[in-house]
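What follows is a set of notes on a single structure, which appears directly below.
The values are calculated or read from the model by the stated rules, or taken from the named source; none is laboratory data. Only a predicted model underlies this, so the values are computations on that prediction, with no experimental measurement involved. Cβ atoms come from the backbone with ideal geometry, glycine included; neighbour counts cover every protein chain shown. The protein model used for the area step is the full one, side chains on, heavy atoms only, and it has no ligands, DNA or RNA in it. Shrake-Rupley method; radii C 1.70, N 1.55, O 1.52, S 1.80 Å.
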Amino acid sequence: MSACSVTLETLPQHPEGKEILTCLQCGVCAGACPYGDVMEYPPRRMIAMMRAGMQEKVFTSDSLLSCVACYACMAKCPRGIRLTEILLPLMKEQTLAYLPELPAELQRALQNTLRYGNPMGEPSRKRAAWVKTAGVPIRSFAEDRRPADALWFVECYTSYYPRGQDNSRATARLFHRLGVDYAILGNEEKCAGECGRLTWEPGLFETLMDYNMAVFQKYQFNRVVTSCPHAHNAFKNRYPVLGFNWALEHVTPFLAKRLDGLNALLTRKLPYLVTYHDSCCLGRQNEFYEAPRQLLRAIPGVKLVEMVHNRVNSLCCGGGGGGMWLDTYFKAKGYERLSERRVREAVATGADILAVSCPYEISRFEDALKVLGYDKRMMVRDVTELLAEAMEE
Amino acid sequence: MTRYAGGLPGVAVAREYKYMCSDPGQELIRQDIRDHGLDRIVVAACSPHLHEHTFRQAVALGGLNPYYFHMVNLREHDAWVHTDKAAATEKAMDLVRAAVRRVKWHVPLEPRQVSIQADVLVVGGGIAGIDAALTLANAGKHVYLVEREPTIGGHMAQFDKTFPTLDCAACILTPKMTAVKAHRNITLWTMAEVRQVEGYVGNFSVTVCRKPRYVLEDLCVGCLECIQACVYKQAKVPDAFNLGLGKRKPVYIPFPQAVPQVVVIDPETCIEFKSGKCKKTCVEVCAERHAIDFHQKEEIRTIQVGAIVLATGFEVFDAARIPYYGYGLYPNVYTALEVERLVNASGPTGGEILLRDGRKPATVGIVHCVGSRDEHTNRYCSRVCCMYSLKLAHLIKEKTGAEVYSFYIDVRAPGKAFEEFYNRVAEEGVIFIRGKVADIYPAGNGDGRVILQAEDTLLGMVRKIPVDMVVLSTGLEPRADAAAVRRLFNIGCSSEGFFLERHPKLAPVNTFADGIFMAGCCQGPKDIPDTVAQSGAAAAQALALIDAGVVELEPNTAHVVEDACSGCKTCIPLCPYSAISFVEEKRAYINEILCKGCGTCVAACPSGSIRQNLFEDEEIFDEIEGLLVPA
Ligand SMILES: Cc1cc2nc3c(=O)[nH]c(=O)nc-3n(C[C@H](O)[C@H](O)[C@H](O)COP(=O)(O)OP(=O)(O)OC[C@H]3O[C@@H](n4cnc5c(N)ncnc54)[C@H](O)[C@@H]3O)c2cc1C
């Protein structure tokens, strides 16, 4: 049974729903939740209330708005209840439906995604504009439909944001030098929609899913490689109901598998002390803890240090589950910004680079560093950017 | 079914009866034998494993040879494994048809009787093995107690006090340990392991390997002068008995009350082993006792025993497997077993609870269920951690006056005087917080304190409590080599890896191998009272077996048809039990006592001159045909 077709009403009939009957009420979810101390009903209480038939009360509180889909509760739940995968998004749908109006920032992002295929509302015909600045040839299927081994699904932030484009340019250079046989969708690509799903608007999510699947089916390729852990999540968990069955990889583990080839290319010494932030979707959700670290260690001169919270225990940047567009809302409620909590830990390591693998994090952490006045002490770089920098021309 | 069976050729009467194994059911069989002059019986019902013996008995009481009987397993072979009722019914008919055709070939047989070796092997010298060995020895049996470590005692020897009564562990254990050593009916082999087990119930032949301790047990008087004299002036090697919290020299005794009171030399760290150039001050001081022998070799012994008691115990869960609890990363995060050593007067701190930096903790957090009740580690409850956590909370409070927080999910205190103990510890002011700890991280001010973060589920708020010391109440796990030991003794393990009992309620200390029993934590987590109850039960089972003097074995042995054997010897090397010999320079002979009825030789014999009781060719072929021909 695919997670996609489970609704809150039908949940009790599914194995996923039976799981909540086993909840021990141990509270590890609340203790692990980055907003556990401000959430009115953390997952433990939601489950208790559902079991007592009091779900209305949960939906009319705004508890679920502060769920940033970081998988921290799920990773530690002793009963293995798939909170972040199934229960919480379903509950969040309901909560949003009960809200008199969506927080404006979120509303705008969702509308933009529906209209332009990206949350920032940029014109879709400019999606592939960055390609010209990459400095290496990049094939687009629309122009040359010959089969390719890999379809590189670039995603929104990496297409439009200047700092996201740095990541894309780096990836393109790495692919080029490694001789990866790939193509992109160019302007035909639209947001994979993962956060659209998590923040409700299932209609929006389905529209994007139908659209992207139709485009995929036009071309021939063996695997999908994406720069965005959230798109990876959507393809892995949601798209298969529509027949998505290509091999799927995120750029970071994809490159880690090609370390042998990479090693020869990484010739420039980068004298950096680096700390790596495990993104929730790549880390806790997919357990790619070692791949990014292997890549960083492969760069001559780079030294790695760990933050107190790393790997399965990593602290979320606060951008998942729609959190990307709820900063104003959280601020109004007086919540601590999670990205600030995270960069404080990063700065405490003494590192000069905070390395990331998720496009959400660049802007969130750069902003947090600025707000806290650490932007002179620490820079945020995607792993791919560092790899590309270590390649001599 | 009954109608169908009644119509099969050769069937005189077919009946359905709900409780065939009950007395009236069995009486029915006897009555039918009398009334109808039956000469073969087939029962199609539950598992032969449970009831074949019952029905053979009934057949015998009806006046027939008990082997004029065959049982069809409609339970595991049919009803329990299929969901399509109609197809399962057809399969039942097929099985009955096959059995009816088979049973007509059955010949009268007599069960074999073999005598029993009176000695017993006990494997593992923790409290379970010690207690079983003493009980058996007191009953006059000779016991071989085989222990892997240099001393017996197991985990209990590492504790200071025991819940719920707070008896001093050493005070109750040491007398038993010395009794083992002194008992004339017990042969104690430490640093020893079982290598091979052959034979069968009543007649096991067991090969034991004794590793060298480089000290001759008969000559060492336990004066410990060699330890004093060792060229290592300081103890430098992390000491396993103290879980690395203390240090020992290359020549050492695990703990003051160790049994046997004989030192051990560790070849990994002893200079003489490494360079051959040590001054050997130990040998000098041992003088005319000559107990030290750097050339001691491993020794292999083979013993004959009638029964075996396995008491190999458990291992504690490796806390480093839960990275967010910081074990191995933050020096003030300890496991419960480590804290047992810290509170123990003979431990590395002389019984004072001191942190690694020498400070006395002022706040302590105890974390329950580490590696228990968790899908990511072990699903089961380890049963003793709640109680030992209460014990440690009490001891820590008593010894340091620290503020103690105990983070629990449920406090499980179901034994005699357990709840009362919980009550007492609560009264003493230990603070109980109901919530599973979600995160442990440094408090950040460089003083070594860590923060325990958990939801206090009863208050409905997340709490972050800074403490000086964390105690992780780690669960109990099967030994790392449990699967290898299981294969060695040919017994089963349940899914989590502990040894499997023959029946969870009615045969809790029996394994699936006749004559092999088990006791203590090798069967599953349990406390000392339950462990000792099991070792008594296992000893009683072994005694009952041995004192019967003989065992009855299935007459399912193979035999050579003398005139047909061509003397090719194909069968001889194939027999896993070495039961076949070559006699009179011309033919194979099978020793009935040694034959286990595996059938290998029967299948291998090129001239078809080996046959096997209960598996005669006619029986098998007709059974197969019965199964395959259409109804
Ligand atoms: C921290 C902690 C505190 C506890 N406190 C208490 C308490 O206060 N009160 C209480 O009632 N219970 C307590 N328990 C439970 C108690 O430890 C067990 O009930 C008891 O130790 C079980 O004894 P055992 O002989 O079955 O196993 P073990 O003590 O594990 O002994 C097994 C022995 O077998 C040996 N062995 C293992 N494999 C082999 C092999 N293949 N060949 C030869 N020898 C082998 C081992 O070396 C060991 O000596 C506590 C447990 C823990 C972890």
State all residues of region A:294-332 that are of a type outside the set (A, V, I, L, M, F, W, C), within 15 Å of A:Leu273 (Cα to Cα) and within 14 Å of chain B (Cβ to nearest Cβ); if no residue qualifies, say none.
A:Glu306
I need a count of the residues in region B:530-552 that are open to solvent by 50 Å² or more (accessible area, probe 1.4 Å), in contact (Cβ under 8 Å) with a residue 24 or more places away in the chain and more than 17 Å from the chain's Cα centre (by Cα).
3
Scan region B:113-121 and give yes if some residue there is surrounded by 20 or more Cβ atoms within 10 Å (Cβ to Cβ) and within 16 Å of the ligand (Cβ to nearest atom), otherwise no.
yes
Selection from region A:33-43 of residues open to solvent by 20 Å² or more (accessible area, probe 1.4 Å) and at the interface with another protein chain (Cβ under 7 Å from one of its Cβ atoms) yields A:Asp37
If only one of B:Gly129, B:Gly125 is assigned to a loop (DSSP other than H, G, I, E, B), within 16 Å of the ligand (Cβ to nearest atom), crowded, with 20+ Cβ neighbours inside 10 Å and modelled with pLDDT of 95 or more, which one is it?
B:Gly125
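Check whether at least one residue in region A:362-379 is outside any helix (DSSP H, G or I) and closer than 19 Å to A:Ser227 by Cα, and report yes or no.
No, because not a single residue in region A:362-379 is outside any helix (DSSP H, G or I) and closer than 19 Å to A:Ser227 by Cα.
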Within region B:360-388, restricting attention to residues that are polar (S, T, N, Q) and farther than 19 Å from B:Gln453 by Cβ, which residue is farthest from the other protein chains (Cβ to nearest Cβ)?
B:Ser382
With the structure loaded, tell me whether A:Tyr335 is within 30 Å of A:Ser66 (Cβ to Cβ) and within 14 Å of chain B (Cβ to nearest Cβ) or whether it fails that test.
yes
Residues (open to solvent by 40 Å² or more (accessible area, probe 1.4 Å) and within 17 Å of B:Tyr19 (Cβ to Cβ)) located in region B:52-71
B:Glu52, B:His53, B:Gln57
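Would you mention how many residues in region B:371-417 are assigned to a helix (DSSP H, G or I) and open to solvent by 20 Å² or more (accessible area, probe 1.4 Å)? Before you say what the answer is, go through the steps one by one.
Residues of region B:371-417 that are assigned to a helix (DSSP H, G or I), as a first pass: B:385-400.
Checking the rest, the ones that are also open to solvent by 20 Å² or more (accessible area, probe 1.4 Å) come to B:388, B:397-400.
The total comes to 5.
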Does region B:237-292 hold any residues that are within 24 Å of B:Gly328 (Cα to Cα), touching a Ser or Thr at 6+ places or on another chain (Cβ under 6 Å) and not hydrophobic (A, V, I, L, M, F, W, C), and which are they?
B:Pro254
Out of the residues in region B:187-224 meeting the condition of being assigned to a loop (DSSP other than H, G, I, E, B), open to solvent by less than 20 Å² (accessible area, probe 1.4 Å) and within 16 Å of the ligand (Cβ to nearest atom), tell me which one is nearest to B:Cys270 (Cα to Cα).
B:Arg213
Taking B:His36 as the residue in question, decide whether it is assigned by TED's automatic domain parsing to the domain that holds B:Val81, at pLDDT below 95 and not β-branched (Val, Ile, Thr).
no
For region A:35-87, enumerate the residues that are closer than 22 Å to A:Glu101 by Cβ, in a helix (DSSP H, G or I) and touching a Lys or Arg at 6+ places or on another chain (Cβ under 9 Å).
A:Val58, A:Ser63, A:Leu64, A:Leu65, A:Ser66
Filtering region B:430-467 for residues that are more than 8 Å from chain A (Cβ to nearest Cβ), in contact (Cβ under 8 Å) with a residue 40 or more places away in the chain, outside any strand (DSSP E or B) and within 24 Å of A:Gly36 (Cα to Cα) leaves a count of 1
Can you tell me which residue in region B:260-316 is nearest to the ligand (Cβ to nearest atom), limited to those that are charged (D, E, K, R) and open to solvent by less than 60 Å² (accessible area, probe 1.4 Å)?
B:Asp266
For region A:89-180, give me every one of the helices (runs of 4 or more DSSP H) that falls completely inside it and has 1 or more residues that are at pLDDT 95 or above.
A:157-160, A:162-178
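Yes or no, residue by residue, for (1) over 18 Å from A:Gly283 (Cβ atoms); (2) among the small types (Gly, Ala, Ser); (3) open to solvent by 10 Å² or more (accessible area, probe 1.4 Å):
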{"residue": "A:Asp327", "(1), (2), (3)": "yes, no, yes"}
{"residue": "A:Lys331", "(1), (2), (3)": "yes, no, yes"}
{"residue": "A:Glu345", "(1), (2), (3)": "no, no, yes"}
{"residue": "A:Val356", "(1), (2), (3)": "no, no, no"}
{"residue": "A:Asp382", "(1), (2), (3)": "no, no, no"}
{"residue": "A:Met391", "(1), (2), (3)": "yes, no, no"}
Would you call A:Val251 out of contact with any Gly (no Cβ under 8 Å at 6 or more places or on another chain) and crowded, with 24+ Cβ neighbours inside 10 Å?
yes
If you go through A:Leu282, A:Leu270, the only one that is out of contact with any Phe, Trp or Tyr (no Cβ under 9 Å at 6 or more places or on another chain), outside the structural domain of A:Val225 (by TED's automatic domain parsing) and not in a helix (DSSP H, G or I) is A:Leu270
Members of region B:454-479 found to be within 38 Å of the chain's Cα centre (by Cα) and either acidic (Asp, Glu) or within 16 Å of B:Ile431 (Cβ to Cβ) (or both), listed by number:
B:Ala454, B:Met469, B:Val470, B:Val471, B:Ser473, B:Glu477
Examine region A:312-321 for a residue that is under 25 Å from A:Ala390 (Cβ atoms) and part of a helix (DSSP H, G or I), and state whether such a residue exists.
no
Regarding B:Tyr324, is this residue in contact with a helix residue (DSSP H, G or I) (Cβ under 8 Å, 6 or more places away or on another chain), touching a residue at least 40 places away in the same chain (Cβ under 8 Å) and within 12 Å of the ligand (Cβ to nearest atom)?
no
